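The values are calculated or read from the model by the stated rules, or taken from the named source; none is laboratory data. All figures in this text were calculated on a predicted structure; none of them were measured in a lab. Every residue, glycine as well, gets a Cβ built from its backbone with ideal geometry; the counts of neighbours run over all protein chains shown. All accessible areas refer to the heavy atoms of the entire protein, side chains included, with ligands and DNA or RNA removed. Shrake-Rupley method; radii C 1.70, N 1.55, O 1.52, S 1.80 Å.
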Amino acid sequence: RNAGSIVVGGSPDRAQVAIDNESVGTIPLALREVEVGDHVVEVRAPGHHAERRVAAVRRGETVTVEVALKEKRARLKVEAVANVMGAETPVEADVILDGAKVGSTPWKGELLAEVPHSIELSLGSKGGPSRRVELPEGREQREVIEVPSSWGGAVSTIRFELVPGPWEIRSGSVVFTTDAPNSVRPGKVPLE
């Protein structure tokens, strides 16, 4: 038969392959019984620049096409704020991007453009708000995410050598409780 083969490999894995504008599968791919002649091989993947190559198929031969698609990149800055006593206050929270912890707020980094990403904030074991973003190539975007007001303020550990008897913790005229937020700082004040 007047045919040959085309093998397409490279990255990213599972990129879509079209030959002569007809979708034929994903990388890695081996096509047998391809008609002799020139064929346009196009490889596409979300968040990457497409590539086109011409494969000259000869009778009984295999043409190998290797591609490494270039990523489309964007920059993202994530900040967390809490409404504390009527004012927007910056908060340090863990940033989870697409299910993996990448740092803490304020966080800035690069990500794959033109594909959806999931951003979630957490504070210790507390899960928090999440958001989906999709950035165009080359864009730098700032995402400010409001977290519960209980995340604002500081968490402090105070150690005392205490004598037995009734005692209390004060900051000025405000009495702190050890197990609840207070009006000065909404965080808890654990005692040892």
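What to note about this one:
- Number of positions in region 47-84 that are over 30 Å from Ser149 (Cα atoms), within 28 Å of the chain's Cα centre (by Cα) and surrounded by 14 or more Cβ atoms within 10 Å (Cβ to Cβ): 10
- Hits in region 75-104 - residues which are among the small types (Gly, Ala, Ser) and on the phi > 0 side of the Ramachandran plot: Gly86, Gly99, Gly103
- Residues that are under 17 Å from Gly103 (Cβ atoms), without any contact (Cβ under 8 Å) to a residue 60 or more places away in the chain and surrounded by fewer than 14 Cβ atoms within 10 Å (Cβ to Cβ), drawn from region 128-144: Ser130, Arg131
- Looking across region 1-46 at every residue that is surrounded by 14 or more Cβ atoms within 10 Å (Cβ to Cβ), more than 35 Å from the chain's Cα centre (by Cα) and of a type in the set (Gly, Ala, Ser), the one that is nearest to Leu69 (Cα to Cα) is identified as Ser5.
- Filtered residues of region 1-30 (kept if among the hydrophobic types (A, V, I, L, M, F, W, C) and assigned to a strand (DSSP E or B)): Ala3, Ile6, Val7, Val8, Val17, Ala18, Ile19, Val24, Leu29, Ala30
- Count - residues of region 90-125 that are more than 11 Å from the chain's Cα centre (by Cα) and buried (at least 18 other Cβ atoms within 10 Å of the Cβ): 8
- Only strands (runs of 3 or more DSSP E) whose full extent lies in region 91-187 are considered here, and the ones with at least 3 residues that are farther than 14 Å from Arg75 by Cα and at pLDDT below 90 are 126-133, 169-171, 174-176.
- Residue pairs meeting the criteria (Cβ under 8 Å; at least 6 apart or on separate chains; first modelled with pLDDT under 95, in region 52-71; second open to solvent by 90 Å² or more (accessible area, probe 1.4 Å) and in a loop (DSSP other than H, G, I, E, B)): Arg59/Asn2
- Candidates Glu79, Glu33, Glu42 - the one that is assigned to a strand (DSSP E or B) and touching a residue at least 40 places away in the same chain (Cβ under 8 Å): Glu79
- Cross-chain or 6+ apart pairs with Cβ under 9 Å, region 92-109 first and of a type in the set (Gly, Ala, Ser), then outside any strand (DSSP E or B) and surrounded by 18 or more Cβ atoms within 10 Å (Cβ to Cβ): Ala93/Thr105; Ala93/Val147; Ala93/Trp151; Ser104/Ala93
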